[in-house]
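Novice: My structure is below; once you've seen it, I'll send some questions.
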Amino acid sequence: MPMIESFFTKQVVIKPFIRQGSGEPVYGEIETRKCRMERGLNLKTVYKNPDGQIDDTAASAKMFCVGKPIPPRSIVTYEGQEFTVINCADHGGFSNDHLEVYLE
């Protein structure tokens, strides 16, 4: 187990967004991941929209976890509260591979 995983003491349920179909979002298979959450902070994320424009958004929470990146518009449930993924940054490196996921 990588050292960073020892900081992940909480658990979330993730419904990964696949596509928009017939006016309804289509989600993939539900998964559970260990994570670390930060809430109640003045969080902000800057990212590029699919149409190429830079967007600056205030996030209501930030989640740290490992695994494959979580697509934007996915649903994350933490302690009974649902969040929507705004942006997922993959911080790969020699010893600190993890994801930073901004939620609203």
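The values are calculated or read from the model by the stated rules, or taken from the named source; none is laboratory data. All figures in this text were calculated on a predicted structure; none of them were measured in a lab. Virtual Cβ from ideal backbone geometry, glycine too; neighbours counted across all protein chains shown.
Novice: All but one of (1) surrounded by 10 or more Cβ atoms within 10 Å (Cβ to Cβ); (2) more than 19 Å from Glu100 (Cβ to Cβ); (3) hydroxyl-bearing (Ser, Thr, Tyr) hold for Ser22; state the number of the condition that does not hold.
Specialist: (1) is the only condition that Ser22 fails.
Novice: Which ones in region 43-83 are of a type in the set (Gly, Ala, Ser) and closer than 25 Å to Ile30 by Cβ?
Specialist: Across region 43-83, the qualifying residues are Ala59, Ser60, Ala61, Gly67, Ser74, Gly80.
Novice: In addition: From the list Glu29, Glu82, which residue is out of contact with any strand residue (DSSP E or B) (no Cβ under 7 Å at 6 or more places or on another chain) and either part of a strand (DSSP E or B) or modelled with pLDDT of 90 or more (or both)?
Specialist: Glu29
Novice: Going by the conditions given, is Pro69 over 13 Å from Glu104 (Cα atoms), outside any strand (DSSP E or B) and modelled with pLDDT of 90 or more?
Specialist: So Pro69 fits the description; yes.
Novice: Among Asn87, Asn96, which is at pLDDT below 90 and touching a strand residue (DSSP E or B) at 6+ places or on another chain (Cβ under 8 Å)?
Specialist: Asn87
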